[in-house]
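Structure, as structure tokens:
The values are calculated or read from the model by the stated rules, or taken from the named source; none is laboratory data. Everything quoted here is computed from the prediction, not taken from an experiment. Cβ sites come from the backbone with ideal geometry, for glycine too, and all protein chains shown count toward neighbours.
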Amino acid sequence: MHRRDVIKQGIIASLVIALPNSLMSFTKYNDMEQNKNFEVIIIGGSYAGLSAAMVLGRSLRNVLIIDSGKPCNKQTPHSHNFITQDGKKPAEITAEAKEQVLNYTTVTFHNDLAVSGKKTETGFRIVTESGKQFTGKKLIFATGIKDTMPNIEGFAACWGISMVHCPYCHGYELRNKKTGIMANGDRAFHLASLVNNLTDNLTILTSGKANFNEEQLAKLEKHNIKIIESEILEIEHENGQVNNVIFNNGNKKAFEGIYAALPFTQHSDIPTSLGCEVDEQGFIEVNDFQKTTIEGVYACGDNSTMMRSIANAVYRGNFAGAFINKELTDEEF
């Protein structure tokens, strides 16, 4: 056989081997381009959104996930307190979850940012940043929240690495270390009570006059928990690892880890534009089934609960998917 023919046959053979996966990807993309009407649109493709999608995919529901690929824990090096995944990088958990979810052929993933939503006669219309429009009978918002960073030099670079929000997610790694709590009042006292079990070197940084009642002050003194009221000027760090806190009075104190209670905003304003109510803390109001105050709209994950962890997001996403499937079933059966 001529050498050119041998090469040609080899190329054809390679194409045949690669064809199934390529064809599957093309077919799935082409299906989305042709069919822009879905039973359920999930906005947010991280832990809660993917968990909801798996439930719905296993029930053969036609589902679209829209996600822009910017999770709030992008800077966090390792995830903890999620059984079977303890210590893994958050991005690895998401990638594995996405691969498993997309094995269900009725689930489609669209990398884009949902920017607006509108109620229609048959459900909802979602418009994305790229100008795409999709309709769905039901919506799930798994959009998370955005932390509002304080105007302190070095803080943002440390957030999720050595400046953390949750002792259940990060406390074990900060055990027996010089630890700070950036908060005041009841929130600071609550964190101190939890963290006190993990370290005997604990300082509350109030950045202003401390706001504790007499009983709280007595307990803090009993456990040798110090309070510094000076305003924080800068966080000295190395690649996100806290070294020192510098105060506006020129003093400096060494720390190895700091908890911070930050204000937040909703990552997406589409839920409120549709009429979904939020509570006093800023979370989307949901009932026991993750249903919002607007019929046909669900919310799950960090956007609707103060229990901010991967395990909780997966649980609530699973719940939302199951009850949307029940709602669809009740309407059709």
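Just one of Ile93, Ile145 is closer than 19 Å to Val55 by Cβ, at pLDDT below 95 and hydrophobic (A, V, I, L, M, F, W, C); which is it? Break it down stepwise before answering.
On the way: Ile145 fails: closer than 19 Å to Val55 by Cβ.
On inspection, the qualifying residue turns out to be Ile93.
Name the single residue that is farthest from Thr203 (Cα to Cα) among those in the range 251-301 being aliphatic (A, V, I, L, M) and assigned to a strand (DSSP E or B).
Initial filter on the range 251-301 (aliphatic (A, V, I, L, M)): 254, 258, 260-262, 270, 274, 278, 284, 286, 294, 297, 299.
Cutting the leftovers down to assigned to a strand (DSSP E or B) gives us 254, 258, 260, 278, 284, 297, 299.
Values: Ala254: 11, Ile258: 9, Ala260: 12, Val278: 33, Ile284: 33, Val297: 43, Ala299: 36 Å.
Once the filter is applied, the top-ranked residue is Val297.
What's the number of the only condition in (1) within 25 Å of Val195 (Cβ to Cβ); (2) not in a loop (DSSP other than H, G, I, E, B) that Arg308 fails to meet?
Unmet for Arg308, out of (1) within 25 Å of Val195 (Cβ to Cβ); (2) not in a loop (DSSP other than H, G, I, E, B): (2).
Considering each of Val101, Val107, Val164, Val127 in turn, give the residue that is farther than 25 Å from Phe319 by Cα and touching a helix residue (DSSP H, G or I) at 6+ places or on another chain (Cβ under 9 Å).
Numbers: Val101 fails: farther than 25 Å from Phe319 by Cα; Val107 fails: farther than 25 Å from Phe319 by Cα; Val127 fails: touching a helix residue (DSSP H, G or I) at 6+ places or on another chain (Cβ under 9 Å).
Unique residue meeting the criteria: Val164.
Can you tell me which of Asn303, Asn243, Asn248 is touching a residue at least 60 places away in the same chain (Cβ under 8 Å), in contact with a strand residue (DSSP E or B) (Cβ under 7 Å, 6 or more places away or on another chain) and among the polar types (S, T, N, Q)? Steps first, please.
On the way: Asn243 fails: touching a residue at least 60 places away in the same chain (Cβ under 8 Å); Asn248 fails: touching a residue at least 60 places away in the same chain (Cβ under 8 Å).
When all the criteria are applied, what remains is Asn303.
Quick one: is Gly180 under 30 Å from Lys88 (Cβ atoms) and either charged (D, E, K, R) or part of a strand (DSSP E or B) (or both)? So that I can check it myself, show each step before the final result.
On the way: under 30 Å from Lys88 (Cβ atoms): yes; either charged (D, E, K, R) or part of a strand (DSSP E or B) (or both): yes.
For Gly180, the condition - under 30 Å from Lys88 (Cβ atoms) and either charged (D, E, K, R) or part of a strand (DSSP E or B) (or both) - is met.
With in the same structural domain as Pro167 (by TED's automatic domain parsing) and more than 18 Å from Glu173 (Cα to Cα) as the only criterion, which of Leu191, Leu217, Leu202 stands out? Full working, then the answer.
Working: Leu191 fails: more than 18 Å from Glu173 (Cα to Cα); Leu202 fails: more than 18 Å from Glu173 (Cα to Cα).
Criteria check complete, one pass: Leu217.
Given the options Gly257, Gly296, Gly317, name the one that is touching a Gly at 6+ places or on another chain (Cβ under 8 Å), under 26 Å from Val195 (Cα atoms) and either modelled with pLDDT of 95 or more or polar (S, T, N, Q) (or both). Reasoning before the result, please.
On the way: Gly296 fails: under 26 Å from Val195 (Cα atoms); Gly317 fails: under 26 Å from Val195 (Cα atoms).
Unique residue meeting the criteria: Gly257.
Of all strands (runs of 3 or more DSSP E) completely enclosed by the range 121-165, which ones contain at least 3 residues that are touching a residue at least 40 places away in the same chain (Cβ under 8 Å), among the hydrophobic types (A, V, I, L, M, F, W, C) and within 19 Å of Asn111 (Cβ to Cβ)?
Here the list reads 133-141.
On the given criteria, is Phe212 modelled with pLDDT of 95 or more and either surrounded by 21 or more Cβ atoms within 10 Å (Cβ to Cβ) or more than 29 Å from Phe283 (Cβ to Cβ) (or both)?
On the way: modelled with pLDDT of 95 or more: yes; either surrounded by 21 or more Cβ atoms within 10 Å (Cβ to Cβ) or more than 29 Å from Phe283 (Cβ to Cβ) (or both): no.
In short, no.
For the range 35-91, what are the residues that are assigned to a loop (DSSP other than H, G, I, E, B) and of a type in the set (S, T, N, Q)?
Taking the range 35-91 and keeping what is assigned to a loop (DSSP other than H, G, I, E, B), we get 35-36, 44-46, 59-62, 68-89.
Once the filter is applied, which keeps residues that are assigned to a loop (DSSP other than H, G, I, E, B) and of a type in the set (S, T, N, Q), the range 35-91 yields Asn35, Ser46, Ser59, Asn62, Ser68, Asn73, Gln75, Thr76, Ser79, Asn81, Thr84, Gln85.
Quick test for you: out of Val286, Val297, Val242, pick the one residue that is of a type in the set (A, V, I, L, M, F, W, C) and either in contact with a Pro (Cβ under 9 Å, 6 or more places away or on another chain) or surrounded by fewer than 16 Cβ atoms within 10 Å (Cβ to Cβ) (or both).
Within the list Val286, Val297, Val242, the selection yields Val297.
So which residues in the range 44-90 are surrounded by fewer than 14 Cβ atoms within 10 Å (Cβ to Cβ) and small (Gly, Ala, Ser), if there are any at all?
Gly69, Gly87, listed by residue number.
Step by step: first the residues of the range 246-257, then only those that are under 16 Å from Ser230 (Cα atoms) and either basic (Lys, Arg) or touching a Leu at 6+ places or on another chain (Cβ under 8 Å) (or both), then the one that is surrounded by the fewest Cβ atoms within 10 Å (Cβ to Cβ). Which residue is that?
Quick first cut of the range 246-257, residues under 16 Å from Ser230 (Cα atoms) only: 246-255.
Cutting the leftovers down to either basic (Lys, Arg) or touching a Leu at 6+ places or on another chain (Cβ under 8 Å) (or both) gives us 246-248, 252-253.
Working: Ile246: 18, Phe247: 18, Asn248: 11, Lys252: 13, Lys253: 16.
By that ranking, first place goes to Asn248.
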